[in-house]
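Read the structure below first, then the notes.
FYI, it's all coordinate maths here, none of it is from the lab. Everything numeric here is computed off the predicted structure, so don't read it as measured data. Backbone-built Cβ (ideal geometry, glycine too); neighbour counts: all protein chains shown.
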Amino acid sequence: MDIEQFYDADERRRESAEVELGTEWRDAGHVRYELNWIEDTGELYVMMEPAPPEWEGPFGDLHVNISQSAPVTGMGVLVVGHIATRDQLERVLDGWPAAMAGPDGVGWLANRLVSEGVADPSWAGGLANGPSEG
């Protein structure tokens with residue numbers, strides 16, 4: 001979904017304080033992400049640039065563009081975790097600036113969310129062997 005659909009789905013998202021946790025996350029395929037946390041809902045979400053025509057994301061998602069001529073625009077939104085408090089957020093993501101600067105910072109993020117038990121089950125359940133180390 002896009003960011004407007006995301007905010008429209010739960011009005012608390014618009015009203016809440018939000019913490020930005022970096023805008024230059026990259027996965028192993030060099031796709032760029034932005035990471036944010038919404039205080040009132042506890043949602044940790046990424047906004048992701050459009051992916052290449054065939055690409056497996058670090059959150060267990062598979063992207064296939066069946067029409068090579070279809071325009072790919074805008075950033076998609078995916079809730080990747082649920083973290084109840086700011087203190088827990090800081091503990092779970094300790095070291096994130098250095099991880100973000102790495103070649104697969106998003107892999108580090110996925111691994112961290114799973115290992116801390118805060119990964120959103122909509123994608124984490126599809127990672128039978130866990131995400132790759134980042």
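Figures for the structure shown
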{"quantity": "Rounded to whole Hz, the Karplus (6.51, -1.76, 1.60) HN-Hα couplings of the range 6-15, x for glycine and proline", "calculated": "4, 5, 5, 6, 7, 4, 4, 4, 6, 7"}
{"quantity": "Cβ-defined net charge surrounding ARG91, 14 Å radius [Lys, Arg +1; Asp, Glu -1]", "calculated": "-2"}
{"quantity": "ILE3-THR85 pseudo-label distance in nm [points 7 Å out on the Cα-to-Cβ vector]", "calculated": "3.0"}
{"quantity": "Inter-label distance for ARG32 and GLU49, nm, one decimal - labels placed 7 Å from Cα along Cα-to-Cβ", "calculated": "0.5"}
{"quantity": "Efficiency of FRET between ASP40 and ASP94 - r from beta-carbon atoms, R0 25 angstrom, step 0.05", "calculated": "0.65"}
{"quantity": "Gain upon complete extension [GLU116, SER16; 0.36 nm per residue less C-alpha separation]", "calculated": "33.6 nm"}
{"quantity": "Sequence-distant residues sharing a close amide H with ASP40 (under 5 Å, placed H)", "calculated": "ALA17"}
